[in-house]
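This report refers to the structure that appears directly beneath it.
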Amino acid sequence: TLGFGFVSSPNTHLIPLGGFDGAELALNYQSVATEKISELGATSDPVGATLIPQLALSKGLYEDIDMGISFTPGIQDEDVQIFNFHGRWSFSPSQNLPYLLGINLYASGSQWQNLFHTRTLGFDLFAVYYANKFSLNAGYGRARCIAKFIGGTNGVTQSGQTESVDILESRFFVGGAYQMGKFILALQAFRFQEVTYNLNLGYRF
């Protein structure tokens, strides 16, 4: 739930930033379904979803290659820390058709209430259709998550020992974006075993 739910989402206009001069600064809100694991934390009340704000910065490097980072700013109530890194390349198969194809590579690390830590590596293949100020995207990807569950008196393992889990999963995502001048509003949903929603408010330089 958390190892895959806290990973980077390719949620933006998904049109290349335009080379080295292009950049995008964004505030992301990611809603992760945590009802199934909320009893493992400090609260006994079931929590249907946890909303995680993240700051994101993307930078164009060369033609259609963009790279970026995102991280939690440390202002949320939940004891969650996330750091994501991504690299994205997209291209147009035909100059006469309004769509792009691309690949997104990402690495993520997270910890939740100091009870477990995750490291996730993955990739996505995606397609984008764009028309004027609008764009729609969809994609498929694979990711590997290594999670460490903390044991001990206040831990979350039944054995009381620190344990690790290594899982490989597929994800699917769909989304859309609207660009108003240099401002971008984007919404995307992606699914491993749980559905996670991501809202992006961005500004392109």
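The values are calculated or read from the model by the stated rules, or taken from the named source; none is laboratory data. Every value quoted in this text rests on a predicted model; they were computed, and no experiment measured them. Here the Cβ is made from the backbone with ideal geometry for all residues, glycine too, and neighbour counts use every protein chain on show. For the accessible areas, the whole protein counts, side chains as well, though only heavy atoms, and no ligand, DNA or RNA atoms are used. Shrake-Rupley method; radii C 1.70, N 1.55, O 1.52, S 1.80 Å.
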Förster radius 30 Å - calculated FRET efficiency between Arg144 and Leu55, Cβ distance, rounded to 0.05: 0.75
Estimated 222 nm signal from helices in the chain, with DSSP H stretches of n ≥ 4 weighted -39500 (n - 2.57), rounded to 500: -500 deg cm²/dmol
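Suppose every K and R has +1 on its Cβ and every D and E has -1 on its Cβ; what is the size of the dipole of region 42-152 about the Cα centre, in Debye to the nearest 20?
Details: 7 positive and 8 negative charges, 64 e Å.
Here region 42-152 has a charge dipole of around 300 debye.
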Charge-dipole axis of the chain as Lys and Arg at +1 and Asp and Glu at -1 on Cβ define it, positive-most pick from Thr118, Met180, Leu97: Leu97
Max mean-square fluctuation residue, GNM over the chain, Cα-Cα springs under 10 Å, options Thr157, Thr120, Thr50: Thr157
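Find, among the trypsin sites (Lys or Arg not before Pro) in region 116-183, those assigned to loop by DSSP (not H, G, I, E, B) with at most 11 other beta-carbon atoms within 10 angstrom. Display every interim value, and only then the final one.
Working: sites: Arg119, Lys133, Arg142, Arg144, Lys148, Arg171, Lys182; in loops: Lys133, Lys182.
Answer in residue order: Lys182.
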Area accessible to solvent at His86, 1.4 Å probe radius, in Å²: 20 Å²
Rough spin-label spacing in nm, given labels placed 7 Å along Cα→Cβ, for Thr162 and Tyr62: 4.0 nm
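Over 32 Å, how big is the tail of the calculated P(r) for the chain, in percent of all Cα pairs?
On the way: 3846 of 20910 pairs.
Every Cα pair in the chain considered, those over 32 Å come to 18 percent.
If you take the beta carbon distance between Ala23 and Glu169 as r and set R0 to 41 Å, what does 1/(1 + (r/R0)^6) give as a FRET efficiency, to the nearest 0.05?
Taking R0 as 41 Å, the efficiency between Ala23 and Glu169 is 0.85.
Counting only protein heavy atoms and using a 1.4 Å probe, what share of the accessible area of region 118-158 belongs to carbon plus sulfur, as a whole percent?
After summing per-atom areas, the C and S share lands at 59 percent.
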Among Asn28, Thr157, His13 - extreme Cα towards positive end, dipole of the chain, charges at beta-carbon: His13
Value of relative contact order over the chain, rounded to a whole percent, pairs C-alpha under 8 Å and six or more apart: 22 percent
Unit charges on C-beta of K, R, D, E only; dipole of the chain, Debye: 440 debye
Nonlocal amide H pairs with Gly155, under 5 Å, H built at 1.01 Å: none
Inter-label distance for Asp79 and Ser92, nm, one decimal - labels placed 7 Å from Cα along Cα-to-Cβ: 5.1 nm
